[in-house]
Amino acid sequence: MNGDPSLVVIGAGPAGLALARHYSGPSLILEASHEVGGLCRSIEFGGGVFDVGGHSFHTPHAEVAGFVYKLMRGNWHEQRRDARVWFDGALIPYPFQAHFGALPDAAVVAECRAGSRDGRDEEENLEDWLVARFGAGVARHFLLPYNRKLWAHDLRDIACDWVGERIAGSEGKAARKPLGDGTHVGYPAEGGFGAIFRKIAKGLDIAFGKRVVAVDPEARTLRTADGEERCWSQLVSTMPLTELTRMVGGCPEPVLDAVAGLKHIRLKILHILAAGDPGDAPHRVYIADPAIPPHKVAFNHTASPALRKRPVQAIIAEIAHSPHKKVGDDASLIAGTVDWLASAGFIRRADVIETRAIDVEHGYPLYTHDRRALRDMVRGWLATVGIRSIGRFGAWSYVNSDECIRQGMALAREIAPAPNPA
Ligand SMILES: Cc1cc2nc3c(=O)[nH]c(=O)nc-3n(C[C@H](O)[C@H](O)[C@H](O)COP(=O)(O)OP(=O)(O)OC[C@H]3O[C@@H](n4cnc5c(N)ncnc54)[C@H](O)[C@@H]3O)c2cc1C
């Protein structure tokens with residue numbers, strides 16, 4: 001059996017790395033893969049820099065901003081986010097609900113304008129809320145088809161306790177505001193979004209290729225897939241809450257039932273490397289049309305001046321799926337996406353150099369009406385056996401890397417070992 005650092009962390013994504021970086025005692029991170037960054041890792045091929053879905057950095061948390069900006073000094077680029085909506089052959093600024101007036105079709109504009117006077121806010125499911133808040137026209141033409149494409153579920157099954165942080169035009173009291181017209185975002189000048197996390201990881205004790213497969217809270221041990229057993233005195237997990245709980249010995253039936261109720265969305269991420277000048281490609285394009293495979297496309301070569309100077313375009317397409325929304329095979333998704341990129345004038349078909357498809361099992365946690373109660377019950381039980389679970393899928397919440405870093409920093413303070421008496 002291996003030694004006993006005071007803190008063992010499962011997962012070297014943003015939450016686990018930030019925790020270990022700020023923890024004042026000895027720690028060990030067990031990481032299933034062979035690299036750091038988790039969903040924030042980057043992949044480079046053929047001169048193009050790709051992320052697992054388009055990533056950029058922005059945060060309302062001063063402490064997180066201070067940490068990341070200091071860390072990335074000399075390898076950082078900030079710019080005003082240029083996002084657009086693709087609608088019926090035209091590109092208009094994002095978000096649709098603020099810019100539909102720029103659409104060429106006067107009838108659509110009139111319908112959106114008429115409906116948008118409703119502006120109510122009290123509905124209980126996403127479908128009704130979108131219609132009540134933005135009006136039937138805006139909902140019918142963009143927000144309903146877009147959200148159906150993204151969430152891959154019936155929108156009546158989705159709660160609204162996240163919209164104030166995510167849907168422009170519904171800003172709530174939470175610190176995080178939705179991305180909008182004037183949002184400035186940051187990105188490493190070189191190395192992709194993952195460069196942030198490779199920098200945080202420097203000097204930390206990380207064991208790669210160590211997939212945790214069993215946890216015994218009574219004996220305070222865990223086992224990895226290669227058969228190694230380790231002791232822990234503090235255990236923090238950032239792996240998906242559902243998978244963690246199922247592997248913890250002695251988990252009661254009601255907790256396992258709660259785990260079964262937590263739902264998520266899978267993603268197919270396409271990386272398209274193309275020759276040619278990026279021209280005036282925006283940073284992001286949002287697409288509601290169900291005939292076009294992705295709901296969002298990131299032109300990652302626009303993320304920094306250094307990436308723009310490269311002779312290739314690095315295009316990332318995000319496609320959500322679930323048992324309720326099946327998608328085609330990789331070849332058909334790539335063909336459909338390249339067709340759209342070419343017909344919209346972003347690339348020429350002949351410019352495509354290489355394409356890759358990545359499967360992401362845990363893409364977005366689904367905000368079902370019982371998510372919060374189920375999640376709290378599961379995390380509550382884990383806490384009683386001495387296990388903490390943080391991060392995007394560790395806390396089953398729709399959060400970005402900055403919030404995961406914040407959680408790691410906060411937990412490091414909370415569990416800091418008591419200083420030795422002098
Ligand atoms: C399409 C998409 C776009 C996004 N865009 C942005 C953006 O623009 N800006 C932003 O800040 N954030 C963005 N995010 C969110 C961001 O990627 C996540 O919030 C963040 O990576 C979550 O960090 P985490 O540490 O909680 O988990 P993860 O990044 O998922 O890391 C968990 C780690 O645990 C490891 N692991 C899993 N199981 C085990 C096991 N059994 N044993 C050992 N290790 C294990 C995994 O290999 C992984 O390395 C986006 C996410 C997606 C999917």
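On the basis of the beta-carbon distance and an R0 of 60 Å, Glu228 and Ala114 show a calculated FRET efficiency of 0.40. Does the chain classify as rounded, prolate or oblate by the C-alpha gyration tensor (a ≥ b ≥ c root eigenvalues; a/c under 1.5 gives rounded; else a/b over b/c gives prolate, otherwise oblate)? Prolate shape, in that a/c is at least 1.5 and a/b is the bigger ratio. Think of region 135-190 as a dipole: +1 on every Lys or Arg Cβ, -1 on every Asp or Glu Cβ, centred on the Cα centre; then among Ala152, Gly180, Ala136, Ala136 lies furthest on the positive end.
What is the extension gain from Ala132 to Ala306, computed as 0.36 nm multiplied by their sequence separation minus the C-alpha to C-alpha distance, in nm to one decimal?
Working it through step by step, the gained length comes to 58.2 nm.
Would region 42-95 count as rounded, prolate or oblate if I go by the C-alpha gyration tensor, calling it rounded below 1.5 in a/c and otherwise prolate when a/b exceeds b/c, oblate otherwise? Taking the square roots of the gyration eigenvalues as a ≥ b ≥ c, region 42-95 is oblate. Counting charges near Asp277 (Lys, Arg +1; Asp, Glu -1) among other residues having Cβ under 14 Å from its Cβ returns a value of +2. Placing a pseudo-label 7 Å from each Cα along the Cα-to-Cβ vector at Lys202 and Asp370 gives an inter-label distance of 4.8 nm.
Couplings 3J(HN,Hα) of region 234-249, computed from phi: 10, 10, 10, 10, 10, 6, x, 3, 5, 5, 4, 4, 5, 9, 8, x Hz, in residue order, whole Hz [Karplus 6.51 cos²θ - 1.76 cosθ + 1.60, θ = phi - 60°; x for Gly and Pro]. Working from Cα pairs under 8 Å separated by at least six residues, relative contact order for region 264-365 is 45 percent. Computed from backbone phi, the HN-Hα couplings of region 175-190 come to 4, 7, 10, x, 5, x, 4, x, 5, 9, 10, x, 7, x, 4, 9 Hz, rounded to whole numbers (Karplus: 6.51 cos²θ - 1.76 cosθ + 1.60, θ = phi - 60°; Gly and Pro given as x). Taken per residue, the accessible surface of the chain reaches 41 Å², heavy atoms only and a 1.4 Å probe. In a reduced charge model with +1 at each Lys and Arg Cβ and -1 at each Asp and Glu Cβ, the chain shows a dipole moment near 800 debye about its Cα centre. The dipole here belongs to region 264-365: it is taken about the Cα centre, uses +1 on the Cβ of Lys and Arg and -1 on the Cβ of Asp and Glu, and is about 180 debye. Applying the criteria of a DSSP loop state and at most 12 other Cβ atoms within 10 Å to the trypsin sites (Lys or Arg not before Pro) of region 6-81 yields Arg73. Taking packing as the residue-averaged number of other Cβ atoms within 10 angstrom, the listed peptides 292-305, 240-253 run from highest to lowest as 292-305, 240-253.
Annotation: amide H of Ala275 within the under-5 Å range of Gln313, Val352, Ile353, sequence separation 5 or more or interchain, hydrogens built in the peptide plane.
Taken along the Cα-to-beta-carbon direction at a fixed 7 Å, the label points for Glu35 and Arg166 span 2.6 nm.
Rounded, prolate or oblate for region 97-175? Axes are the square roots of the Cα gyration tensor eigenvalues, ordered a ≥ b ≥ c, and the cut-off for rounded is a/c under 1.5.
Cα axes put region 97-175 in the prolate bin.
Between Glu63 and Glu78, the modelled labels are 2.1 nm apart [label points 7 Å from Cα along Cα→Cβ].
Peptides 122-135, 262-275, 349-362 ordered by packing proxy, namely the average of other Cβ atoms within 10 Å per residue, highest first: 262-275, 122-135, 349-362.
Return the FRET efficiency for the residue pair Ala214, Asp154: r is the Cβ-Cβ distance, R0 is 41 Å, and the value is rounded to the nearest 0.05. Calculated transfer efficiency: 0.70.
With r as the distance between the Cβ atoms of Arg349 and Ala174 and R0 = 35 Å, compute the FRET efficiency 1/(1 + (r/R0)^6) and round to 0.05.
It comes out at approximately 0.20.
Using a probe radius of 1.4 angstrom, the carbon and sulfur fraction of the accessible surface of the chain is 51%.
Per-residue ellipticity at 222 nm computed for the chain from its helices equals -8000 deg cm²/dmol, with DSSP H segments shorter than 4 residues left out and the rest contributing -39,500 (n - 2.57).
By the rule of a C-alpha distance below 12 Å, with chain neighbours fewer than 8 residues away ignored, the aspartates and glutamates paired with Lys268 are Glu318, Asp329, Asp330, Asp359, Glu361. Taking the Cα centroid of region 360-413 and of region 164-195, what is the distance between the two, rounded to the nearest whole Å? Between the Cα centre of region 360-413 and that of region 164-195, the gap is 20 Å.
Heavy-atom accessible area for Arg392, with the other protein chains in place and a 1.4 Å probe, reaches approximately 40 Å².
The values are calculated or read from the model by the stated rules, or taken from the named source; none is laboratory data. All of these numbers come straight from a predicted model, not from anything done at the bench. Cβ sites come from the backbone with ideal geometry, for glycine too, and all protein chains shown count toward neighbours. The accessibility values were calculated without ligands, DNA or RNA, using every heavy atom of the protein model including side chains. Shrake-Rupley method; radii C 1.70, N 1.55, O 1.52, S 1.80 Å.
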